[in-house]
Number of protein chains: 2
Amino acid sequence: MQYDLERSVALLRRMPAVLDALLRDLPDEWTRANEGDTTWSAYDIVGHLIHGERTNWMARAKMILEHGETKTFERFDRLAQERESRGQPLPQLLDEFARVRFANLDELARLALQPDDLRRRGRHPVFGAVTLEQFLATWVAHDLTHLHQISRVLAYQYRDAVGPWSVYLGVLQCAGHSRP
Amino acid sequence: MQYDLERSVALLRRMPAVLDALLRDLPDEWTRANEGDTTWSAYDIVGHLIHGERTNWMARAKMILEHGETKTFERFDRLAQERESRGQPLPQLLDEFARVRFANLDELARLALQPDDLRRRGRHPVFGAVTLEQFLATWVAHDLTHLHQISRVLAYQYRDAVGPWSVYLGVLQCAGHSRP
């Protein structure tokens, strides 16, 4: 499917309600549990999404529009949520995610992006030249990668409880796939 | 984490609202698209979840309680949704899923299951003896495997649009894992 701004926003706009329906007031045994070691819990992932809204998505989109390939993106701090979210209850994080997401979508709408804008290029520290369209498509896929991860982290808590059925449950065969 | 009936129901009860928030009125380009060939779209998956509520979960749970290991489960028809959902708009399927899910959870509550009940055994055609607890844990993990799958199917539609970022997006590395 080709990238489409309106269809992308349709998904981005839904994500706060999706996370809310899944996680608000869910027992801590689900939301604070991870997949072992330094992996993330659902709580950590919501913190990560907030950090992305605050520092990454609209900031880089505007950087592409203003500076093109003359400025290289700064690296995104994938561990910032540990500092920023510490001690905040999950319902508060969900409220904050909705607030910053909708503020960003309002700002995106005000840019009134045209097809020519979507072809504009920025510079990624590893990939080199990237387009605004690729970057905005990544915003959507990034939401989905973390919804995929939350589903997996929750299911992981029942990996033993399901007994022999684990072989039929794809989510329990998923080893995570994001490159560190 | 040990299986816990109340915590399980907390997740099962949320799933209609999660799917509603994610899929209702989302453009068909998202909800009707699959991962190629005979793979499932989000629409197909909602149909599959409805079929499970109608024929699988509570029916087998009651069979374990009534017949123990003397009766073997019938095989679950994993393609039934193609016949049953055909032609129904997605919002109608989402309404139906909520209806059958809540009816099943009401019935589950009326059973007032005790720890001894959860240890009762039924007979699975492939696995042999299984416990009611394993089966009820699988109900939860089955929801999560399909939420995981929906996230992946949606993300798949932007596998090209994201350009070089695909290597950072775990959901795009996920090959699905359910055994056929």
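The values are calculated or read from the model by the stated rules, or taken from the named source; none is laboratory data. Since this is a predicted model, take the numbers as computed values, not measurements. We place every Cβ from the backbone using ideal geometry, glycine too, and count neighbours over all the protein chains shown. SASA here: full protein model, heavy atoms, side chains in, ligands and nucleic acids out. Shrake-Rupley method; radii C 1.70, N 1.55, O 1.52, S 1.80 Å.
Taking every pair of alpha-carbon atoms in the range A:1-160, what share in percent sits in each 5 Å bin, from 0 to the bin with the longest distance?
2, 8, 18, 20, 19, 14, 10, 6, 3, 1, 0
With +1 on each Lys and Arg Cβ and -1 on each Asp and Glu Cβ, how big is the dipole of the protein assembly as shown about its Cα centre, in debye rounded to the nearest 20?
Computed about the Cα centre, the dipole is about 440 debye.
For chain B, find the longest principal axis of its Cα atoms and tell me its angle to the long axis of helix B:42-55, 0 to 90°, nearest 10.
10 degrees
In the range B:86-180, what is the volume of the convex hull around the alpha carbon atoms, normalised per residue and reported in Å³?
166 Å³
Calculate how large, on average over all directions, the projected area of the Cα convex hull of the protein assembly as shown is; give the answer in nm² to one decimal.
17.9 nm²
Order A:Asp37, B:Asp143, B:Asp117, B:Asp28 by their accessible area, 1.4 angstrom probe, all chains in place, largest first.
Solvent-accessible surface, decreasing: A:Asp37, B:Asp28, B:Asp117, B:Asp143.
List, shortest first and in nm to one decimal, how far the label point of A:Asp117 (7 Å from Cα along Cα→Cβ) is from its counterparts in the other copies.
5.8
Note down the magnitude of the dipole of chain B about its Cα centre, charges +1 on Lys and Arg C-beta and -1 on Asp and Glu C-beta and zero elsewhere, to the nearest 20 debye.
Rounded to the nearest 20 debye, it is 440 debye.
May I ask for the distance between the Cα centers of the range B:1-59 and the range A:85-158, given as a whole number of Å?
Taking the Cα centre of the range A:85-158 as reference, the centre of the range B:1-59 is 23 Å away.
To the nearest whole number, what is the average tally of beta carbon atoms from other chains within 10 Å of the beta carbons of peptide A:127-140?
4
Helix A:90-111 against the longest principal axis of chain A: what's the angle in degrees, Cα atoms only, rounded to the nearest 10?
Its long axis makes an angle of about 20 degrees.
To the nearest 20 debye, what charge dipole does the range B:100-159 have about its Cα centre, counting +1 at the Cβ of each Lys and Arg and -1 at the Cβ of each Asp and Glu?
Charge dipole, the range B:100-159, about its Cα centre: 260 debye, nearest 20.
Can you run phi through the Karplus equation (6.51, -1.76, 1.60; θ = phi - 60°) for the range A:137-152 and list ³J(HN,Hα) in whole Hz, with x for Gly and Pro?
My calculation for the range A:137-152 gives 5, 5, 4, 5, 5, 5, 4, 5, 5, 7, 5, 4, 5, 4, 4, 5 Hz in order.
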